[in-house]
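Here's the structure, in structure tokens; my notes come after.
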């Protein structure tokens with residue numbers, strides 16, 4: 001059983017406002033020789049109601065203290081070492097705010113570590129991303145949206161002819177696309193390498209620097225499918241497709257000899273979120289047939305699928321080839337995320353790190369032995385670690401230790417119980433501040449989103465606030481969660497509100513059986529799919545004293561057409577149902593259908609710019625509840641999207657956490 005030692009016996013609870021005191025570790029990049037680590041630290045700025053970030057540098061062996069090498073009120077992040085280790089490229093939003101934007105764009109800067117100020121390499125009016133140095137260190141590949149034409153209209157009228165016209169990350173889209181560019185490290189003018197009526201991303205340069213592998217959907221029906229192919233472009237702009245136009249692949253990397261390209265993905269794009277992600281190998285020349293699944297038979301998934309409200313979804317290093325014929329990657333298993341490796345020919349999967357934690361991201365030096373990693377646990381949102389592959393890891397930062405040691409931080413205890421059909425379900429239970437087993441305590445059931453994500457060994461500000469207010473907190477991974485195998489992750493497809501609902505209720509019953517939970521003071525909350533399940537629960541039982549639904553879904557039929565992913569996600573997740581085909585299934589699985597049954601007081605929290613679960617979902621539910629005379633409160637958060645609780649405006653994140661705890665307090 002995984003347990004955590006409490007960080008302190010402090011009687012002081014962690015508060016919503018303590019969000020401003022956290023320092024968020026967002027990147028950790030080890031130098032090519034393994035001697036130094038560049039990392040970026042982000043903090044919330046209360047006065048600006050935004051964030052600022054700086055790049056820091058520390059020796060890998062700990063002989064020199066950390067040094068901050070960039071400063072100011074901008075967000076400096078994503079440091080990338082030059083191949084010789086003498087310079088750092090990074091992105092920053094320094095500069096003016098262009099017309100039509102609310103913040104400065106993120107451009108590319110290079111800092112000579114021998115001294116001097118950072119030099120700005122690009123001056124785009126949109127964010128630059130996906131930085132990758134050329135092997136000779138003379139240039140960097142990157143991704144940016146095409147510049148606007150001087151004749152572009154600004155009258156606010158938008159005309160669309162495609163289904164894919166918006167995204168939760170980018171808002172309402174225009175006809176400009178993201179492409180691969182290259183810029184000289186000496187400051188020479190950027191040059192676009194790819195073009196066309198599609199988006200390109202994630203460039204990875206070949207060992208000889210003459211070609212770049214990247215991700216793009218250039219299929220004829222790209223507007224209505226979710227294919228992601230690997231392509232290769234030469235420095236002269238000649239492009240070829242490597243994969244077969246049927247799967248969903250990303251994060252390409254090259255074998256040391258340049259003959260093979262590996263990528264994460266699945267050979268079937270439809271329903272890819274409900275499938276184990278594996279490493280695939282392809283000939284760099286492309287050709288007929290699909291690639292080789294190097295993890296065939298390994299019933300887990302690549303990537304760090306454990307979620308947290310302290311950061312957006314984790315981005316992982318592409319497959320990393322070693323000199324001894326292995327490939328390194330991050331993978332998830334039952335609430336943990338660790339480093340793994342497989343043979344370059346496939347199979348022989350080994351765990352290279354072990355522990356009840358989450359490797360959020362990592363980077364490797366040129367030897368492919370030493371690494372730097374962002375490591376989080378359920379009691380620590382993330383610190384910098386240095387380790388050796390198949391060896392120990394050493395903590396090298398103490399970003400939030402002082403804050404956490406001064407507050408009550410609940411240490412989750414693993415629970416295991418029997419769900420629907422006799423399946424074993426895993427979860428964690430957090431005990432409240434001042435816990436005494438002789439007393440009865442209120443319990444909050446927290447339900448994760450996705451549904452194909454997972455709770456685990458990661459820190460949640462929201463959960464700790466509730467524990468500090470005197471609530472026990474139960475978080476579980478019902479069927480549909482990642483990191484328990486393919487059968488488990490796809491088990492809720494076509495059955496939202498079915499056996500997944502039974503799993504959740506079984507978790508509550510198990511916790512009640514411990515004897516110290518008050519059955520009259522049960523509460524429930526969750527976001528996204530967790531919001532859907534919260535809505536479903538209050539429409540199907542009245543066991544809970546009060547509920548909070550966050551960025552939720554209430555009506556599957558309207559979500560199909562209003563969500564940025566609705567037209568493909570709902571059809572698959574609801575079992576091949578659309579508003580014109582088997583609409584009865586969509587209605588049957590919609591929480592709004594059962595709104596007359598609701599007796600539980602419901603707080604509805606939603607961001608106005610959420611395009612993943614659009615706010616009309618909350619509006620429909622709230623209106624129905626009020627017309628029916630039910631107790632409901634609707635809180636709208638302007639300017640934020642679906643990631644409100646992970647990266648939204650700091651004041652909104654604080655308000656969001658406070659309102660959840662206050663709502664439960666108001667319904668004792």
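The values are calculated or read from the model by the stated rules, or taken from the named source; none is laboratory data. Owing to the predicted nature of the structure, the values given are computational and were not obtained by experimental measurement. Virtual Cβ from ideal backbone geometry, glycine too; neighbours counted across all protein chains shown.
Which ranges mark the strands (runs of 3 or more DSSP E) fully within segment 1-112 that have 1 or more residues being within 25 Å of residue 309 (Cβ to Cβ) and in contact with a helix residue (DSSP H, G or I) (Cβ under 9 Å, 6 or more places away or on another chain)? Correct list: 23-30, 36-45, 50-59.
Within segment 154-173, can one find any residue that is on the phi > 0 side of the Ramachandran plot, in contact (Cβ under 8 Å) with a residue 40 or more places away in the chain and in contact with a strand residue (DSSP E or B) (Cβ under 9 Å, 6 or more places away or on another chain)?
No, every residue in segment 154-173 fails to be on the phi > 0 side of the Ramachandran plot, in contact (Cβ under 8 Å) with a residue 40 or more places away in the chain and in contact with a strand residue (DSSP E or B) (Cβ under 9 Å, 6 or more places away or on another chain).
For segment 552-561, the criterion of being on the phi > 0 side of the Ramachandran plot and in contact with a helix residue (DSSP H, G or I) (Cβ under 9 Å, 6 or more places away or on another chain) is met by no residue. Here is the figure for segment 532-556: residues that are in a helix (DSSP H, G or I) and within 15 Å of residue 633 (Cβ to Cβ) total 3. Within segment 545-556, restricting attention to residues that are closer than 26 Å to residue 648 by Cβ, touching a residue at least 60 places away in the same chain (Cβ under 8 Å) and touching a strand residue (DSSP E or B) at 6+ places or on another chain (Cβ under 8 Å), the residue that is surrounded by the fewest Cβ atoms within 10 Å (Cβ to Cβ) is 546.
Inclusion of residue 482 among residues that are within 30 Å of residue 576 (Cβ to Cβ), assigned by TED's automatic domain parsing to the domain that holds residue 548, part of a loop (DSSP other than H, G, I, E, B) and touching a residue at least 60 places away in the same chain (Cβ under 8 Å) is warranted.
Hey, any hits in segment 46-62 for a residue that's more than 24 Å from the chain's Cα centre (by Cα), modelled with pLDDT of 95 or more and farther than 19 Å from residue 398 by Cβ? Scanning segment 46-62, I find no residue that is more than 24 Å from the chain's Cα centre (by Cα), modelled with pLDDT of 95 or more and farther than 19 Å from residue 398 by Cβ, so the answer is no.
Within segment 175-185, the residues that satisfy the criterion of being over 19 Å from residue 239 (Cα atoms), in a loop (DSSP other than H, G, I, E, B) and in contact with a strand residue (DSSP E or B) (Cβ under 9 Å, 6 or more places away or on another chain) are 176, 185. Residues that are at positive phi and either touching a strand residue (DSSP E or B) at 6+ places or on another chain (Cβ under 9 Å) or modelled with pLDDT under 95 (or both) do occur in segment 623-644, at least one of them. Between 627, 633, which is closer than 18 Å to residue 527 by Cβ and either out of contact with any helix residue (DSSP H, G or I) (no Cβ under 9 Å at 6 or more places or on another chain) or not assigned by TED's automatic domain parsing to the domain that holds residue 566 (or both)? After ruling out the rest, the residue left standing is 633. Is it the case that segment 421-437 has a residue that's modelled with pLDDT of 95 or more, within 21 Å of residue 472 (Cβ to Cβ) and out of contact with any strand residue (DSSP E or B) (no Cβ under 9 Å at 6 or more places or on another chain)? Yes: one or more hits. Here 382, 387 are screened, and the one residue that is in contact with a strand residue (DSSP E or B) (Cβ under 8 Å, 6 or more places away or on another chain), assigned to a strand (DSSP E or B) and at positive phi is 382.
Mind checking which residues of segment 282-334 are in contact with a helix residue (DSSP H, G or I) (Cβ under 7 Å, 6 or more places away or on another chain) and within 15 Å of residue 359 (Cα to Cα)?
Keep residues of segment 282-334 that are in contact with a helix residue (DSSP H, G or I) (Cβ under 7 Å, 6 or more places away or on another chain), which gives 299, 309-312.
Result: 310, 311, 312.
Considering the conditions (1) in contact (Cβ under 8 Å) with a residue 12 or more places away in the chain; (2) part of a loop (DSSP other than H, G, I, E, B); (3) closer than 19 Å to residue 189 by Cα, residue 144 is excluded by exactly one of them, (2).
Being part of a helix (DSSP H, G or I) and surrounded by 17 or more Cβ atoms within 10 Å (Cβ to Cβ) is the filter here, so list the residues in segment 578-592 that pass it.
586, 591, 592
Residues that are in contact (Cβ under 8 Å) with a residue 60 or more places away in the chain and over 20 Å from residue 425 (Cβ atoms) within segment 532-544 comprise 535, 538, listed in sequence order. Scanning segment 489-515 for residues that are part of a loop (DSSP other than H, G, I, E, B) and either surrounded by 20 or more Cβ atoms within 10 Å (Cβ to Cβ) or within 27 Å of the chain's Cα centre (by Cα) (or both) yields 490, 491, 492, 493, 494, 495, 496, 497, 498. The strands (runs of 3 or more DSSP E) found wholly in segment 187-277 and carrying at least 3 residues that are over 25 Å from the mean Cα position of the chain (by Cα) and surrounded by fewer than 21 Cβ atoms within 10 Å (Cβ to Cβ) occupy 239-241.
Residues are listed down the side, and each one gets a yes or a no for (1) farther than 16 Å from residue 168 by Cα; (2) free of Cβ contacts under 8 Å to residues at least 40 places away in the same chain; (3) outside any loop (DSSP other than H, G, I, E, B):
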| position | (1), (2), (3) |
| --- | --- |
| 558 | yes, no, yes |
| 561 | no, yes, yes |
| 567 | no, no, yes |
| 600 | yes, no, no |
| 618 | yes, no, yes |
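Taking the residues in segment 110-122 that are surrounded by fewer than 18 Cβ atoms within 10 Å (Cβ to Cβ) and in contact (Cβ under 8 Å) with a residue 24 or more places away in the chain as candidates, determine which candidate is farthest from residue 200 (Cα to Cα). Reasoning before the result, please.
Just the residues of segment 110-122 that are surrounded by fewer than 18 Cβ atoms within 10 Å (Cβ to Cβ), to begin with: 112-117, 119-120.
Those still in the list that are in contact (Cβ under 8 Å) with a residue 24 or more places away in the chain too: 112-114, 119-120.
Details: 112: 29, 113: 31, 114: 34, 119: 26, 120: 23 Å.
Looking at the filtered set, the residue picked out is 114.
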